[in-house]
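Peer 1: I'd like to ask you about the structure that follows.
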Amino acid sequence: MLQVSVVADRLSYLDWNATAPVRPEAAAAVAHALTVAGNASSVHHAGRAARRLLEGARASVASLVGARSDEVVFTSGGTEANALALRAFPDRRILASAIEHDSVLANAPGAVRVPATRDGLVDLSTLEQLLAADKRPALVSLMFANNETGAIQPIAEAAQIAHRYGALIHCDGVQGAGRQPLDMRRLGCTLMTLSAHKLGGPMGVGALVVAGGWDIAPLIRGGGQERGRRAGTENVPAIAGFGAAASAAMAEAATWATVGMLRVQAEHRLAAIAPDAVIYAAAAPRLPNTICISMPGVPAATQVMALDLAGVMVSAGAACSSGKVRRSHVLDAMGVPEREAECAIRISLGWNTSSAEIDHLVEAWGALYARTRVSAA
Ligand code: PLP
């Protein structure tokens, strides 16, 4: 059995696709908003103060994706925004790529699945065939970037195809927003999902951005909040934190080039240690921060635990919310054999990842690789 007895004396957080650390600006905005007593729907002084915070945040979130403020509908997170998007147009049939996040696939159980290529990209020619074969109005749900592999999807091309057949595009922009330029009009999207905690805001808040004045069916009915598109008193402190995180993310766009360089260096070093390792979606355009890599013969859970003992925090390629590792539907859709996919982990960097953290990762992963090769010999 593998012996792992490292006591971590330093910690490296490399799981930014699971959640990003809260930015100081966002924490300060939340703390400030908690001191404002009013309900944003109240017309008195305190209510107006809360409304100002709400609308300021709405403007920041809108500009993150090139939208207008009135197009932003705040939700309890990316999952709810995806659920709202997929029920927004009840008369449209839904097509979704096979590599979408569970919050898309589970909310559109009847969706036609569009396959992915071996490189982890949605297969555009099949998308076109599927749209041509059934001319009923459709909604096509495609993510901007995959949460496991980081592969950036050809959204603009997909939108051009979709529009030729009268279909609309919903884009799950959760992993792309704040990391890549994301202009929903330029991309041709009608609906865009965002989540605050992936860009340094608090957990439990997100948005569905609805471009072009489309009327959407609400998921939650009640009061007339969010222009009748999402009932319930707005979570003003969380939304204020979301707005502050969105503004901070826009201000530091340049740092992602550095993150991309660190990622490339990390990949080269890991591949040099383990020539039999596979980096997934390597041939696709990818987020600057995401590495999905397998260490053949070593289950993802073993790698995650060994790295954690060494102080390096990463995820299994397909960790679900219970923390259990299950088969990755993404790697499956890419045609990766199950035995290989079981050995895939996801390493994800962020705006303040340092080269020392990459050294730490390479050291810990390399030590595990060496131990497993000795124990296998
Ligand atoms: N969509 C993608 C691509 C994600 O990675 C996630 C979270 O991991 C979600 C949606 C769900 O977002 P939230 O955690 O805000 O519900």
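The values are calculated or read from the model by the stated rules, or taken from the named source; none is laboratory data. Source: prediction; values computed, not measured. Positions of Cβ are generated from backbone atoms using ideal geometry, with glycine treated the same way; all protein chains shown enter the neighbour counts. The protein model used for the area step is the full one, side chains on, heavy atoms only, and it has no ligands, DNA or RNA in it. Shrake-Rupley method; radii C 1.70, N 1.55, O 1.52, S 1.80 Å.
Peer 1: Filter segment 133-155 down to residues that are open to solvent by less than 10 Å² (accessible area, probe 1.4 Å) and over 17 Å from S328 (Cβ atoms), then give me how many there are.
Peer 2: The total comes to 6.
Peer 1: Take the residues in segment 136-152 that are within 12 Å of the ligand (Cβ to nearest atom) and part of a loop (DSSP other than H, G, I, E, B); name whichever of them is farthest from the chain's Cα centre (by Cα).
Peer 2: T149
Peer 1: Continuing with this model, one more query. Which residue, of P275, P285, is out of contact with any Pro (no Cβ under 9 Å at 6 or more places or on another chain) and surrounded by fewer than 16 Cβ atoms within 10 Å (Cβ to Cβ)?
Peer 2: Values: P285 fails: out of contact with any Pro (no Cβ under 9 Å at 6 or more places or on another chain).
Testing whether each residue is out of contact with any Pro (no Cβ under 9 Å at 6 or more places or on another chain) and surrounded by fewer than 16 Cβ atoms within 10 Å (Cβ to Cβ) leaves just P275.
Peer 1: If the requirement is being surrounded by fewer than 24 Cβ atoms within 10 Å (Cβ to Cβ) and either within 16 Å of the ligand (Cβ to nearest atom) or within 24 Å of R229 (Cα to Cα) (or both), which of these qualifies: G178, G206, G188, G173? Spell out how you get there, then give the answer.
Peer 2: Values: G178 fails: surrounded by fewer than 24 Cβ atoms within 10 Å (Cβ to Cβ); G206 fails: surrounded by fewer than 24 Cβ atoms within 10 Å (Cβ to Cβ); G173 fails: surrounded by fewer than 24 Cβ atoms within 10 Å (Cβ to Cβ).
Checking each option against the conditions leaves just G188.
Peer 1: Here's something else I'd like to know. So which of E71, E100, E80 ends up being more than 11 Å from the ligand (Cβ to nearest atom), closer than 30 Å to L130 by Cβ and at pLDDT 95 or above?
Peer 2: Numbers: E100 fails: more than 11 Å from the ligand (Cβ to nearest atom); E80 fails: more than 11 Å from the ligand (Cβ to nearest atom).
After ruling out the rest, the residue left standing is E71.
Peer 1: Additional query: Against the definition (more than 30 Å from R52 (Cβ to Cβ), buried (at least 21 other Cβ atoms within 10 Å of the Cβ) and away from the ligand (no atom under 16 Å from the Cβ)), how does V304 come out, yes or no? Steps first, answer last, please.
Peer 2: Values: more than 30 Å from R52 (Cβ to Cβ): yes; buried (at least 21 other Cβ atoms within 10 Å of the Cβ): yes; away from the ligand (no atom under 16 Å from the Cβ): yes.
Taking the combined requirement at face value, the residue satisfies it.
Peer 1: Six or more apart or on different chains, Cβ under 7 Å: which pairs go from a residue in segment 229-249 that's in contact (Cβ under 8 Å) with a residue 24 or more places away in the chain and under 14 Å from A59 (Cα atoms) to one that's open to solvent by 10 Å² or more (accessible area, probe 1.4 Å) and hydroxyl-bearing (S, T, Y)? Could you list them?
Peer 2: From segment 229-249, the pairs are G243/S60; A246/S60; S247/S60.
Peer 1: Got at least one residue in segment 220-239 being under 29 Å from E25 (Cβ atoms), crowded, with 16+ Cβ neighbours inside 10 Å and of a type in the set (S, T, Y)?
Peer 2: no
Peer 1: Here's another thing I want to ask about it. With segment 34-116 as the region, which strands (runs of 3 or more DSSP E) entirely inside it contain at least 3 residues that are over 20 Å from G178 (Cβ atoms) and either open to solvent by 30 Å² or more (accessible area, probe 1.4 Å) or in contact with a helix residue (DSSP H, G or I) (Cβ under 8 Å, 6 or more places away or on another chain) (or both)?
Peer 2: Where strands (runs of 3 or more DSSP E) fall fully within segment 34-116 and carry at least 3 residues being over 20 Å from G178 (Cβ atoms) and either open to solvent by 30 Å² or more (accessible area, probe 1.4 Å) or in contact with a helix residue (DSSP H, G or I) (Cβ under 8 Å, 6 or more places away or on another chain) (or both), they are 93-97, 112-114.
Peer 1: Do you know which of the residues in segment 209-228 that are in contact with a strand residue (DSSP E or B) (Cβ under 7 Å, 6 or more places away or on another chain) and closer than 14 Å to S69 by Cα is nearest to the ligand (Cβ to nearest atom)?
Peer 2: Filtering segment 209-228 for residues in contact with a strand residue (DSSP E or B) (Cβ under 7 Å, 6 or more places away or on another chain) gives 209-210, 216, 226.
Of the ones still in play, those that are also closer than 14 Å to S69 by Cα are 209-210, 226.
Details: V209: 14, V210: 17, E226: 17 Å.
Looking at the filtered set, the residue picked out is V209.
Peer 1: Being in a loop (DSSP other than H, G, I, E, B) and touching a strand residue (DSSP E or B) at 6+ places or on another chain (Cβ under 6 Å) is the filter here; which residues of segment 331-366 pass it?
Peer 2: M334, C343
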